[in-house]
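Values in this text are rule-based calculations from the coordinates and carry no lab data. On a predicted model such as this, the values are computed, not experimentally measured, just so you know. Every residue, glycine as well, gets a Cβ built from its backbone with ideal geometry; the counts of neighbours run over all protein chains shown.
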Amino acid sequence: MNHLIGRRGFLKLIGTAAALRQAHAAATGRPVEPADMPAWQQQADVKQLPGVGPTDMTPWVHALAGVRYRGYVNPFMHGPPGTEVMVANLATARDYLKACHTRVYGTAKP
């Protein structure tokens, strides 16, 4: 997890965001559309991407599952490393996040 927030802080942040979404839905009578959740870690270059850098994001995916998050998870990084490098590392990040999902749910997400 990002060392500025920490795992407990991140889990609290996710829980708070979910509670706010539920309160908004209850107050307005309309469901809130899921938003993108950026998957990022504070590292240099392409190591910002999940599965490329050192952070184990399985607890992060587990926290999202715990609040029944149904939006997209977007592998994210700052700075363009070049097209070929980016394509290869995004594929790694995608596969890694799918593997995290499998560890949490026991089945692969398409």
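Highest first, please rank the peptides 81-89, 56-64, 41-49 by the mean number of other Cβ atoms sitting within 10 Å of their residues.
Highest-to-lowest ranking by the protection proxy: 56-64, 41-49, 81-89.
The loop-placed trypsin sites (Lys or Arg not before Pro) in region 52-108, going by DSSP, that have at most 14 neighbouring Cβ atoms within 10 Å of their Cβ come out as R68, R70.
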